[in-house]
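The values are calculated or read from the model by the stated rules, or taken from the named source; none is laboratory data. Owing to the predicted nature of the structure, the values given are computational and were not obtained by experimental measurement. So basically every Cβ, Gly included, is an ideal-geometry build from the backbone, and we count neighbours across all protein chains shown.
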Protein chains: 2
Amino acid sequence: MSAQPYEESHLYKLRHSAAHLMAQAVTELHPGSKLAIGPPIENGFYYDIDFPEPITDRDLGKIEQRMKELAKLDMPIEMVEAKDREDAKRIILEDCTLGQGEETALYKLELLDAIPDGDPITFYDQKGTDKQGNERRFIDLCRGPHIESTKPLRYVKLMSIAGAYWRGDVKNKQLTRLYGTAFETKEELKEYLHFLEEAKKRDHRLLGRELNLFMFSAKVGPGLPLWLPKGAVLRETICDFLKDEQVRRGYDPVVTPNIASKRLYEASGHIQNYADKMFPFMEDAEKETFILKPMNCPFHIEMYASTLRSYRDLPVRYAEFGTVYRYEQSGELAGMLRVRGFTQDDAHLFVRPDQLLEEFKGVVELTMAVLKKLGLKEYRVRVGTRDPSSDKYVGHDDNWELSEKAICQACEELGIDYEISVGDAAFYGPKLDLVIKDALRREWQMGTVQVDYNLPERFELEYIGEDSKPHRPILIHRAPFGSLERMIGLLTEEYAGAFPFWMSPVQVGILPIADRHVGYAMAIAEVLQGYPSLVEPEGEQTEFKAPEGSIDETIRVSIDASRETLGKKIRNNTKQKLPYLLIVGDRDAEEGTVGVRARGEDGDLGSMKLAEFIKMIKKEL
Amino acid sequence: MSAQPYEESHLYKLRHSAAHLMAQAVTELHPGSKLAIGPPIENGFYYDIDFPEPITDRDLGKIEQRMKELAKLDMPIEMVEAKDREDAKRIILEDCTLGQGEETALYKLELLDAIPDGDPITFYDQKGTDKQGNERRFIDLCRGPHIESTKPLRYVKLMSIAGAYWRGDVKNKQLTRLYGTAFETKEELKEYLHFLEEAKKRDHRLLGRELNLFMFSAKVGPGLPLWLPKGAVLRETICDFLKDEQVRRGYDPVVTPNIASKRLYEASGHIQNYADKMFPFMEDAEKETFILKPMNCPFHIEMYASTLRSYRDLPVRYAEFGTVYRYEQSGELAGMLRVRGFTQDDAHLFVRPDQLLEEFKGVVELTMAVLKKLGLKEYRVRVGTRDPSSDKYVGHDDNWELSEKAICQACEELGIDYEISVGDAAFYGPKLDLVIKDALRREWQMGTVQVDYNLPERFELEYIGEDSKPHRPILIHRAPFGSLERMIGLLTEEYAGAFPFWMSPVQVGILPIADRHVGYAMAIAEVLQGYPSLVEPEGEQTEFKAPEGSIDETIRVSIDASRETLGKKIRNNTKQKLPYLLIVGDRDAEEGTVGVRARGEDGDLGSMKLAEFIKMIKKEL
C-alpha cells in the first residue's frame, strides 16, 4: 500500500458520507432538528445537531438502525453546485429543510455566510425510493468529496453522545455531538470494535481504581495522583529493580528538594524559557521567591559543582527518582499519562568528550535491559539530530558531530534499529527518544536521552584534565521512561492489570475456606513472606503444623479473612488479577498442602504440597 | 543534689564574676574599650565590648592569660550601693572609667538611665595589689550577685569572638562579644572542653560535608538539603529497614503529592491554624491556589475516605516517607536539625476505639525495635495528657480517658518508663513524645505519636460497625523519629560518622596497592556485591583467579583506583570512616587473600582468605 494520507483516502470520504447519512436518519427520526456541521475525523465521524428534545443512548441505537436501512436504498450521492449565493440560500431554505421549517436552516445559513465570495458553493444530494414507494431524500451544504452512493455505508456504528458548542465557542449554544464510525468491510468494523473493547478493558484509569492502584481527589486537585497501597508497592517494586540496575552500572543515587530559590532557575535559564510550564511561584515580597521544581537537572549540577573534579572522577552519574511538577492545562490532563506531578526515572551523567560514546551506550544498554525485564518487546528508537541549515544551535560543530555520531554508533554497536529525525534535536544537543508499542499496537512516547552542551556552559562546570587545565564536561540528561506514572500507566494497559509475577503488588492470595483455616493460612503466609507476621488478623485460630518448605525472597501475600463464601472469595480475588490463589481447608491444614489456582488460562492446578508450590513460583522470580 | 535552678547556683554567680574579671583584663590590655553588658549564660558568660581597635583570637588568649593572673590576686569582690542617681553617675564617670576617659562610660550611662527610679543602684568593686605593688581595680555597674573573691576564677576558658548589636537592635552599633566559660574545678573545665571537642568532632554539619553525606547550596536556598550519593545511600538503607519493619507490622505504603489545592487544607483546618508555617501559596488568580504540603495527614485521610469501610477493614495503616515543607525563619535553620524541607517517617492509623490500645502498643513496640537496631539505647518517653482544668479540648471525655489510659497502658505492658506531662496534649488528643539521649548525653527531641479525634470529625470519616451503623474511627498520627533528616543528623553525631556496619554507605573499601591490582580488587568487589559490575574502572587489568567465598546480601564496596601511594590511600579512606579496608597486592591476588584493617581500635587484622573475611562480616549484618 502506498502511504496515502488518510485525508485523501476512500475511507475518509466514506466516513464523510456516513456523517450525512446519520444526519438524514436524524431528520427523519427527530423532525425539527437543526443541523450544524458533520465532518469525518480520525477514527470515524461526528455531526453537531441542535435537537428539539434531549436524546439518549437508546435514540442512538434507533438512528444507527435507520442509517442501515437508508444505506440499503443505495441512494446515489450527487454534487450540486449553486449558481450563486442567492441560489444557495434558496436550496438551503427549500430543499435542505425538508419541509421541517425554515428555522431548521439556522446554522447552515451561518455557514453559507462564512463562505468567501467567489468560492464555489456546493451541496451533496442523496435520494431514493423505499419499498413503500416513498421518496427519501437528504441534501446538505458541503464541500465534499463523498462516495458515489449510500450502499457501502452499511458497516457503521454510532459510538457516543457529547456536548459541543456551536463554532467551538463557549458563548454559543451547546449542541449535541453524535460520534460514529464506519468501515469498508464488516471485518474491519468488527476488528475495530474489538480493539476498542480491549482498550477499554485495559484502560489504566479504570483498572487503577478497580485494582486499587491509585486515585485522584477533587480536594487534592487535578493531575495529582495519590498512590494507594497496591500502586505504591508496584511503584516501589519497579523503582527497586531500576535502582539495582543503576547501581550495577555505577550510578550514584542522590536526593534533592522539590523546591528551590528562583535564583537556581534563573541560573539554569528555565525561568526565561520554561516559565509557562511552571506552577505559580511562591513569592514572599520581603524575602525570597521559591519555585516548585519542574526539572531535577539544576540540582544535580549544583552537586557536581560543589567540589573540584579531576578527569579521573568522571563520569559522574547522579540518579534520582525525582518528583517534579509541571503546570499542565487541566483540560490536557489524562489519567497517569499526563499529570501535573510525576516522578522521573531521572539521571544526569557528567562525562568527558572521550567518554561520550561509552556512556551513551551504557544508557541505551540499561534502557534495553529494563525494557526486557518489563516484558516490553516492541519499540522504536528515534535519534533527533541538528538541522544543518539552521543556526539556532549552541555548542561547537565538532561537539555536535561527536555526539550525533556517538548516539548512532551506540545504537549500532548494540544492534538497535533507529530512525533519524533531522532537525528534531534540542537547541542544546542531539537526543534519542523511545517509543514503545503496546499489546494493542498503540505507540507510547516514553522518555528521552539528551546530550547537553548548554547547561555545563551556563553553570561553568569544569574538571581538571590530565593536562592540569580546566575542561568543560558534557551533560547527558536521561529519563528513558519519562516517569513512573507514565510507565505504570503503560504497564497497566499492556498487561490489562495482570502484571507479571515479579511486579504484582500481591503475588499470592491465600483463601481460607472457613475462619478455622485462618491460622493455617497465616502459617503459609509466614513461610512465603520469609518472616513471621507481627499482626494477627481476626478470626478463629487453630493449632496447625508448621508447613515445610522455605524461600529466599519475600513473596507478597494477602489473606482473605472476610466472611464471604468460598465462591465469592474466589470471584473477588480473581478480579484483583493475582497471579496465584491458594485455597486452604481442613485437609490442607492436615497434610500441608494448598489448592492452587493460577491466573488466566492455566486455571486450577489442583492440590500440591506447599514446598512444591514454592518450587514452582521460584521459577518466576 | 537538690534540683536548684542554675540561675540560683554558685556556678552561675562564679560565671558572672568571671565576666567582670574578663572585663577587667580587657580594660588593662585594651585601654579605651567601652564596656556594655556582661551576663552569665547557660554554658558560661559573655561581655559585649566596644573595642578601640578590632581584636583577634590571639588577643583572646592574652586576655585569658591576664584573667588567670588577676584571679590569683584573690581580690575581694564587694557590693557598693550608690546613694542616689547622681552618686551612681559620679561612680561611673570617676571610678568605672579607671581614668581611661569619660567616653568609655557611654553604655554604662545608658544602662543607668534604664534603671527605674526607686530601685537600688549597685556596683561591684574588686581590687588588690600585685607583686609589683601596683593597685589593680575594676568596678562595674551591676545587680549581682557575685562570689566573694576572684580566687576561684582560675578555671576559665575564653571561647570565641562574635558580633552583637547594642541592646540587640540592628540599628545600633555592632559591638564585639567575647564568649567564655568558667567552672569551679579544673576537672569540670577539662571535662567540658573535652565534651566540646567531642561534640565538634561529631558535628553532623561538618561530618556531612567531610563524609560527603549532604550539602546545602546558596542557589537552592537555605534549609533545603541536597543528599549526596553517600548520604542518599545511608538514607535509603535506613528507609528500607523501616519499610520492612512496617510491612511486617501490617502497614501499607502509600505515596502522595507534595502539593494540593488550597481546598484540602481548608477542609483540614491547617490554613486557619498553621498558615504561618506554610510556604507562600502558589496563586493563580484565574484558576486555583496550590499549597506546598506542610503535612501528609489530609492526603491519607482522602485515601481513607475514598471507599466505604467496614469495621473488619480496620485498622487501616498508611505509611509514607512523606516529604513536607515548612517555612521556618532562616535564622532558625540548623544543619539537618531544623530544615525547611524534610521527609517524615510518617504513618496514619485509622482505628476503632476497641483497637486503640493494641494499635498504640504496636506503634510503641515498633519504635523500640527501631531504636534498638539503630543502636540508640537511652531515651525518655513523655506522655502529654489533658489539663483537666481547661476546656480547650475537642472530643468526648470518655474518648480522652480511653486514649490517655491506652497510651499509658501500652507503655506499661511493654515495660517502658514514661513521665506524664499534664496539659501537654494537643487540643485534639493526647500524645507520646520520644526524647533520645546521645553518646554525649545530649537530648534530642524526636517525633511524636498523637491521638486525634478532630480530623476524623472534620472530614466526617466513617466505618460501618458490626451494628450496620456508621461509626467514627480514631486517627493516630505517628512519626516517631520526626524526619529522616533529623534522625540521620542524630545518628551522625551519635556515631561521629563511624556508622554501624549495616548502615554504612560504603561498608568495605578495597585498596589495590598498584594499578595492576585493580583487576583483583574488582573480582573481590564482585563477590562482595553479589553481582558482576558492568562498569570498568580505569587502570591496568590483570588476569586473576576468581576468589572463593560467596555472600547472600549485597555488600556496598568502593575501590580506590586513584594513583596515590598506599599510605595516602589508607589515610584518605580512614578519614571516610569505612568499617573495613581491604588492602590487596601481588601476593593477595595469587593466594586469594586480603589485608584487612578494621575501623577504630581493632585496627590491622592482618591477611586472611576472602572467605574468612566474608564469614567475619556476615556476623555484623
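Does B:LEU224 fit the bill of being more than 7 Å from chain A (Cβ to nearest Cβ) and either under 27 Å from A:ALA319 (Cα atoms) or part of a loop (DSSP other than H, G, I, E, B) (or both)? Walk me through it before giving the result.
Numbers: more than 7 Å from chain A (Cβ to nearest Cβ): no; either under 27 Å from A:ALA319 (Cα atoms) or part of a loop (DSSP other than H, G, I, E, B) (or both): yes.
Against the criterion (more than 7 Å from chain A (Cβ to nearest Cβ) and either under 27 Å from A:ALA319 (Cα atoms) or part of a loop (DSSP other than H, G, I, E, B) (or both)), B:LEU224 does not qualify.
One line per residue, one yes/no per condition, for (1) exposed (fewer than 15 other Cβ atoms within 10 Å of the Cβ); (2) over 22 Å from B:GLU7 (Cβ atoms); (3) in contact with a helix residue (DSSP H, G or I) (Cβ under 7 Å, 6 or more places away or on another chain):
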residue: B:GLU94; (1), (2), (3): yes, yes, no
residue: B:GLY101; (1), (2), (3): yes, yes, no
residue: B:LEU111; (1), (2), (3): no, no, no
residue: B:ALA114; (1), (2), (3): yes, no, no
residue: B:THR129; (1), (2), (3): yes, yes, no
residue: B:GLN132; (1), (2), (3): yes, yes, no
residue: B:LEU141; (1), (2), (3): no, no, yes
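State all residues of segment A:267-288 that are more than 8 Å from chain B (Cβ to nearest Cβ) and surrounded by fewer than 19 Cβ atoms within 10 Å (Cβ to Cβ); if no residue qualifies, say none. Full working, then the answer.
Applying the first criterion (more than 8 Å from chain B (Cβ to nearest Cβ)) to segment A:267-288 yields A:268-278, A:285-286.
The answer is A:GLY269, A:ILE271, A:GLN272, A:ASN273, A:TYR274, A:ALA275, A:ASP276, A:LYS277, A:ALA285, A:GLU286.
Please go through segment A:564-621 and give me each residue that is touching a helix residue (DSSP H, G or I) at 6+ places or on another chain (Cβ under 9 Å), loosely packed, with under 12 Cβ neighbours inside 10 Å and over 22 Å from A:VAL527 (Cβ atoms), ordered by number.
Listed by number, the list holds a single entry, A:LYS575.
Within segment A:370-388, is there a residue that is crowded, with 16+ Cβ neighbours inside 10 Å, in contact (Cβ under 8 Å) with a residue 40 or more places away in the chain, within 14 Å of chain B (Cβ to nearest Cβ) and among the aliphatic types (A, V, I, L, M)?
Restricting attention to segment A:370-388, the residues satisfying the condition of being crowded, with 16+ Cβ neighbours inside 10 Å are A:370-371, A:374, A:376, A:379, A:381-386.
With in contact (Cβ under 8 Å) with a residue 40 or more places away in the chain added as a condition, the list becomes A:370-371, A:374, A:376, A:379, A:381-386.
Retained after the next criterion (residues that are within 14 Å of chain B (Cβ to nearest Cβ)): A:370.
Okay, now just the ones that are also among the aliphatic types (A, V, I, L, M), so A:370.
Among the residues of segment A:370-388, at least one is crowded, with 16+ Cβ neighbours inside 10 Å, in contact (Cβ under 8 Å) with a residue 40 or more places away in the chain, within 14 Å of chain B (Cβ to nearest Cβ) and among the aliphatic types (A, V, I, L, M), which makes the answer yes.
Starting from residues that are part of a loop (DSSP other than H, G, I, E, B) and among the charged types (D, E, K, R), keep the ones in segment B:393-438 and report whichever is surrounded by the fewest Cβ atoms within 10 Å (Cβ to Cβ).
First, pick out the residues of segment B:393-438 that are part of a loop (DSSP other than H, G, I, E, B): B:393-396, B:414-418, B:423-425, B:427-428, B:430, B:438.
From what's left, among the charged types (D, E, K, R): B:417, B:424, B:438.
Working: B:ASP417: 9, B:ASP424: 15, B:ASP438: 18.
Applying the filter and picking the extreme gives B:ASP417.
Within segment B:22-50, which residues are part of a helix (DSSP H, G or I) and touching a residue at least 60 places away in the same chain (Cβ under 8 Å)? Full working, then the answer.
Taking segment B:22-50 as the starting set, the residues that turn out to be part of a helix (DSSP H, G or I) are B:22-29.
Residues satisfying the conditions are B:MET22, B:ALA23, B:GLN24, B:VAL26, B:THR27, B:GLU28.
Against the conditions (1) more than 20 Å from A:VAL339 (Cβ to Cβ); (2) facing chain B (nearest Cβ under 8 Å); (3) among the aliphatic types (A, V, I, L, M); (4) surrounded by fewer than 18 Cβ atoms within 10 Å (Cβ to Cβ), where does A:ALA218 fall short? Just the number, please.
Result: A:ALA218 passes all but (1).
For segment A:2-10, does any single residue satisfy the condition of being surrounded by 21 or more Cβ atoms within 10 Å (Cβ to Cβ), of a type outside the set (D, E, K, R) and out of contact with any helix residue (DSSP H, G or I) (no Cβ under 9 Å at 6 or more places or on another chain)? Step through it out loud before you land on a result.
Filtering segment A:2-10 down to residues surrounded by 21 or more Cβ atoms within 10 Å (Cβ to Cβ) leaves none.
Taking every residue of segment A:2-10 in turn, none turns out to be surrounded by 21 or more Cβ atoms within 10 Å (Cβ to Cβ), of a type outside the set (D, E, K, R) and out of contact with any helix residue (DSSP H, G or I) (no Cβ under 9 Å at 6 or more places or on another chain).
What pairs come up if the first residue lies in segment B:66-83 and is part of a loop (DSSP other than H, G, I, E, B), the second is among the hydroxyl-bearing types (Ser, Thr, Tyr), and their beta carbons are under 7 Å apart, counting only those six or more places apart or on different chains?
B:LEU73/B:THR150; B:ASP74/B:SER149; B:ASP74/B:THR150; B:MET75/B:SER149; B:MET75/B:THR150
Against the condition in contact with a helix residue (DSSP H, G or I) (Cβ under 7 Å, 6 or more places away or on another chain) and not small (Gly, Ala, Ser), how does B:ILE121 come out, does it pass? Steps first, please.
Numbers: in contact with a helix residue (DSSP H, G or I) (Cβ under 7 Å, 6 or more places away or on another chain): yes; not small (Gly, Ala, Ser): yes.
Here the answer is yes, as B:ILE121 does meet what is asked.
Looking only at segment A:199-208, decide whether some residue is farther than 28 Å from A:SER149 by Cα, not hydroxyl-bearing (Ser, Thr, Tyr) and not in a helix (DSSP H, G or I).
We begin by selecting, within segment A:199-208, every residue farther than 28 Å from A:SER149 by Cα; these are A:199-208.
Add one more test, that the residue is not hydroxyl-bearing (Ser, Thr, Tyr), and what stays is A:199-208.
In the following step, the residues that additionally are not in a helix (DSSP H, G or I) were identified as A:203.
Within segment A:199-208, one or more residues are farther than 28 Å from A:SER149 by Cα, not hydroxyl-bearing (Ser, Thr, Tyr) and not in a helix (DSSP H, G or I).
Only residues that are touching a residue at least 12 places away in the same chain (Cβ under 8 Å) and more than 7 Å from chain B (Cβ to nearest Cβ): list them for segment A:244-264, please. Write out each step before concluding.
The first filter runs over segment A:244-264 and keeps only residues touching a residue at least 12 places away in the same chain (Cβ under 8 Å), leaving A:245-246, A:249-264.
Within segment A:244-264, A:GLU245, A:GLN246, A:TYR251, A:LYS262 meet the criteria.
Do we find that A:PRO31 is surrounded by fewer than 22 Cβ atoms within 10 Å (Cβ to Cβ), out of contact with any helix residue (DSSP H, G or I) (no Cβ under 7 Å at 6 or more places or on another chain), in the same structural domain as A:THR181 (by TED's automatic domain parsing) and over 24 Å from A:LYS72 (Cα atoms) in this structure?
Details: surrounded by fewer than 22 Cβ atoms within 10 Å (Cβ to Cβ): yes; out of contact with any helix residue (DSSP H, G or I) (no Cβ under 7 Å at 6 or more places or on another chain): yes; in the same structural domain as A:THR181 (by TED's automatic domain parsing): yes; over 24 Å from A:LYS72 (Cα atoms): no.
Judged against the criteria, A:PRO31 is not a match.
Does A:ASP276 meet the test of being outside any helix (DSSP H, G or I) and charged (D, E, K, R)? Steps first, please.
Working: outside any helix (DSSP H, G or I): no; charged (D, E, K, R): yes.
Judged against the criteria, A:ASP276 is not a match.
Name the single residue, out of those in segment B:291-325 being in contact with a Ser or Thr (Cβ under 6 Å, 6 or more places away or on another chain) and not assigned by TED's automatic domain parsing to the domain that holds B:GLN450, that is surrounded by the fewest Cβ atoms within 10 Å (Cβ to Cβ).
Narrowing segment B:291-325 to residues in contact with a Ser or Thr (Cβ under 6 Å, 6 or more places away or on another chain): B:298-299, B:302, B:321, B:323.
From the residues that got through so far, the ones that are not assigned by TED's automatic domain parsing to the domain that holds B:GLN450 too are B:298-299, B:302.
Working: B:PRO298: 25, B:PHE299: 28, B:GLU302: 22.
The extreme case among them is B:GLU302.
B:LEU224 - would you say it is buried (at least 18 other Cβ atoms within 10 Å of the Cβ) and aliphatic (A, V, I, L, M)?
Spelling it out, B:LEU224 is indeed buried (at least 18 other Cβ atoms within 10 Å of the Cβ) and aliphatic (A, V, I, L, M).
Of the numbered conditions (1) more than 9 Å from every other protein chain (Cβ to nearest Cβ); (2) in contact (Cβ under 8 Å) with a residue 40 or more places away in the chain; (3) more than 23 Å from the chain's Cα centre (by Cα), A:PHE299 fails exactly one; give the number of that condition.
Evaluating A:PHE299 over (1) more than 9 Å from every other protein chain (Cβ to nearest Cβ); (2) in contact (Cβ under 8 Å) with a residue 40 or more places away in the chain; (3) more than 23 Å from the chain's Cα centre (by Cα) leaves (1) as the failure.
Restricting the search to segment A:197-215, which residues are touching a residue at least 12 places away in the same chain (Cβ under 8 Å) and away from chain B (no Cβ under 14 Å)? Talk me through it step by step, then tell me what you get.
The first filter runs over segment A:197-215 and keeps only residues touching a residue at least 12 places away in the same chain (Cβ under 8 Å), leaving A:198-199, A:201-205, A:207-208, A:210-215.
A:GLU198, A:ALA199, A:LYS201, A:ARG202, A:ASP203, A:HIS204, A:ARG205, A:LEU207 - these are the residues of segment A:197-215 that are touching a residue at least 12 places away in the same chain (Cβ under 8 Å) and away from chain B (no Cβ under 14 Å).
Can you work out which of the residues in segment A:302-316 that are without any contact (Cβ under 8 Å) to a residue 40 or more places away in the chain and in a loop (DSSP other than H, G, I, E, B) is nearest to the other protein chains (Cβ to nearest Cβ)?
Among those residues, the one meeting the criterion is A:SER306.
Please state which one of B:ARG209, B:ARG177, B:ARG143, B:ARG167 is modelled with pLDDT under 95 and over 30 Å from B:GLU86 (Cβ atoms).
Details: B:ARG177 fails: modelled with pLDDT under 95; B:ARG143 fails: over 30 Å from B:GLU86 (Cβ atoms); B:ARG167 fails: over 30 Å from B:GLU86 (Cβ atoms).
Residue meeting the stated conditions: B:ARG209.
Determine whether A:ALA347 is over 19 Å from B:VAL324 (Cβ atoms), part of a strand (DSSP E or B), more than 9 Å from chain B (Cβ to nearest Cβ) and of a type in the set (A, V, I, L, M).
On the way: over 19 Å from B:VAL324 (Cβ atoms): yes; part of a strand (DSSP E or B): yes; more than 9 Å from chain B (Cβ to nearest Cβ): yes; of a type in the set (A, V, I, L, M): yes.
Yes: the conditions hold for A:ALA347.
Looking at segment A:111-186, what strands (runs of 3 or more DSSP E) fall wholly within it and have at least 3 residues that are in the same structural domain as A:PHE51 (by TED's automatic domain parsing) and either within 20 Å of A:ILE55 (Cβ to Cβ) or among the polar types (S, T, N, Q) (or both)? Explain how you work it out, then say what you get.
Working: elements: A:122-129, A:135-141, A:156-165, A:174-182.
The strands (runs of 3 or more DSSP E) meeting that bar are A:122-129, A:156-165, A:174-182.
Give the residue, chosen from A:GLU86, A:GLU7, A:GLU94, A:GLU53, that is of a type outside the set (Val, Ile, Thr), modelled with pLDDT under 95 and not in a helix (DSSP H, G or I).
Numbers: A:GLU86 fails: not in a helix (DSSP H, G or I); A:GLU7 fails: not in a helix (DSSP H, G or I); A:GLU94 fails: not in a helix (DSSP H, G or I).
Going through A:GLU86, A:GLU7, A:GLU94, A:GLU53 in turn, the sole match is A:GLU53.
Can you tell me which residues in segment A:317-337 are at pLDDT 90 or above and outside any loop (DSSP other than H, G, I, E, B)?
Residues satisfying the conditions are A:ARG317, A:TYR318, A:ALA319, A:GLU320, A:PHE321, A:GLY322, A:THR323, A:VAL324, A:TYR325.
Could you check segment B:246-266 and list, in sequence order, the residues that are out of contact with any strand residue (DSSP E or B) (no Cβ under 7 Å at 6 or more places or on another chain), surrounded by 18 or more Cβ atoms within 10 Å (Cβ to Cβ) and within 17 Å of B:ARG317 (Cα to Cα)?
B:VAL247, B:ARG249
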